[in-house]
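Colleague: One structure, as structure tokens, below. Some questions next.
The values are calculated or read from the model by the stated rules, or taken from the named source; none is laboratory data. The structure displayed is predicted, hence computed values, not measured ones. Here the Cβ positions follow ideal geometry from the backbone for every residue, glycine too, while neighbour counts run over all protein chains shown. Just the protein is used for accessible areas: all its heavy atoms, side chains included, with ligands, DNA and RNA removed. Shrake-Rupley method; radii C 1.70, N 1.55, O 1.52, S 1.80 Å.
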Amino acid sequence: MKNTLLRKMRTVVYSNGLTSPQIQFGTFRIKTTEDVENSISEALNTGYRAFDTASVYKNHAKIAKTLRECLPKLGLTRADIWLTSKLAPKDHGEKRCEEAIGNILRDLDTDYLDLLLIHWPGVQRLEVTDPQNRILRQESWRVLERFYREGKLRSIGVSNYTQRHLEELLDHCEVSPHVLQTELHPHYQQTELVKFCRLHNIHVQAYSSLGQAGSESPLFRSEAVVSTSDDLGLTPAQVLLTWGIQSGFTVMPKSVTPSRIRENFQLDLKLPEDAMKRLNDLEKEV
């Protein structure tokens, strides 16, 4: 990604020195061809340069087609954007993981990914207590490490891991995870997990920044969010996303509505210290 572009946007630096956009466009549940094309195009025109997807989202090929069509129109190339995907729970284990990464690269029409995450610590169809979960996810991580060394993955990490899972991974890995992606918002702050990640130089990406119900989330009715929104002239979504950014997380808002796509990228105001404190205190409500 070009340095001239990076200077124009909020960024974070991973433990391996790689610089990543701090505001990324999420594509969860964006599946139809029309929605993918319209939302990705709007996001690119707005200024988003990072896109988060996953094998289980089943939209890789549609995203790739849209990028092929849109990037040249904006004078952009693959090197100007950041692509993240995730290994599906069914693809744990050395052989399946290796094949899955090849499929992800093919479907996204790219020679490399900027970030690949293990989507879930468990293996599809296995009971949580099955010891094969641990064995297979360790095999998967070794494959990620190999692809990372080969340059096909510029960074690697995990999603939905608990501290226990991370401790296990750190005990056996040769390349420490660069990223943990997990649910984070004022009602669910996972303080101890975040502290653990910072202690081990693992960058935290926050999904469901607005709460699991999106705009229907109880967060949107919280006095702290509503008053901060009114005081600063921001939407509730902008308040919550800015809380995530000021907390040091990468945020990944998703929408198929053009106005919301634009609003979710316009996060230039800094929340006052008292507003951050009120938002931090919201976890006590639930």
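Colleague: Tell me the Kirkwood radius of the range 101-220: reciprocal of the mean inverse pair distance over distinct alpha-carbon atoms, in Å.
Modeller: For the range 101-220, the Kirkwood estimate is 15.6 Å.
Colleague: If a/c stays under 1.5 just call it rounded; otherwise compare a/b with b/c (prolate if a/b is bigger, oblate if not). Do that for the range 1-90, with a ≥ b ≥ c from the square roots of the Cα gyration tensor eigenvalues.
Modeller: Taking the square roots of the gyration eigenvalues as a ≥ b ≥ c, the range 1-90 is oblate.
Colleague: OK, next. Calculate what fraction, in whole %, of the accessible area of the range 25-107 sits on carbon and sulfur atoms when a 1.4 Å probe is rolled over the protein chains.
Modeller: 50
Colleague: Also, I was wondering about something else. For every other residue with a beta carbon closer than 10 angstrom to the beta carbon of residue 44, add +1 if it is Lys or Arg and -1 if Asp or Glu, then tell me the sum.
Modeller: Net charge around residue 44: 0.
Colleague: Between residue 77 and residue 195, how high is the FRET efficiency from 1/(1 + (r/R0)^6) when r is the Cβ-Cβ distance and R₀ = 41 Å? Nearest 0.05.
Modeller: According to the calculation, E is roughly 0.60.
Colleague: Sorting check: for 125-137, 225-237, which peptide has the highest mean count of neighbouring beta carbons within 10 Å, and how do the rest follow?
Modeller: 225-237, 125-137
Colleague: Okay, moving on. Restricting to Cα pairs below 8 Å that are 6+ residues apart, what does the relative contact order work out to for the chain? Please round to a whole percent.
Modeller: Relative CO of the chain lands at 18 percent.
Colleague: May I ask you to order 20-28, 73-81 by the average number of other C-beta atoms within 10 Å around their residues, highest value first?
Modeller: 20-28, 73-81
Colleague: Right, another one. Please report the carbon-and-sulfur percent of the accessible area for the range 210-286; probe 1.4 Å, protein heavy atoms only, DNA, RNA and ligands left out.
Modeller: Carbon plus sulfur share of accessible area: 50 percent.
Colleague: Then there's this: Give me the dipole magnitude in Debye, nearest 20, for the chain about the Cα centre, with unit charges on the beta carbon: positive for Lys and Arg, negative for Asp and Glu.
Modeller: 700
Colleague: Could you provide, to the nearest whole Å², the per residue accessible area of the chain with probe 1.4 Å?
Modeller: The answer is 47 Å² per residue.
Colleague: Where does the Debye-calculated log10 I(q)/I(0) of the range 28-145 sit at q = 0.15 Å⁻¹, using only Cα point scatterers of equal weight, no solvent?
Modeller: -0.68
Colleague: Which residue fluctuates most in the GNM of the chain (Cα springs below 10 Å): 116, 166, 210?
Modeller: Looking only at 116, 166, 210, the largest GNM fluctuation is found for 166.
Colleague: What value does the chain have for Rg/Rh, both radii from Cα atoms and Rh as Kirkwood defines it?
Modeller: Here Rg/Rh amounts to 0.95.
Colleague: Using the crude model of +1 on Lys and Arg Cβ and -1 on Asp and Glu Cβ, and no other charge, please compute the dipole size for the range 121-251 relative to its Cα centre, in debye to 20.
Modeller: 440
Colleague: What does the charge count near residue 242 come to, summing +1 for each Lys or Arg and -1 for each Asp or Glu among other residues with Cβ under 12 Å from its Cβ?
Modeller: Net local charge, residue 242 excluded: 0.
Colleague: Along the charge dipole of the chain, Cβ charges K/R +1 and D/E -1, which of 165, 54, 200 sits furthest on the positive end?
Modeller: 54
Colleague: With N set to the number of residues, divide the alpha-carbon radius of gyration of the range 134-286 by 2.2 N^0.38 Å and report two decimals.
Modeller: Against the empirical 2.2 N^0.38 Å value, I get 1.17 for the range 134-286.
Colleague: Note down the net charge around residue 30, summing +1 for each Lys or Arg and -1 for each Asp or Glu among other residues with Cβ under 12 Å from its Cβ.
Modeller: Summing Lys and Arg as +1 and Asp and Glu as -1 gives 0.
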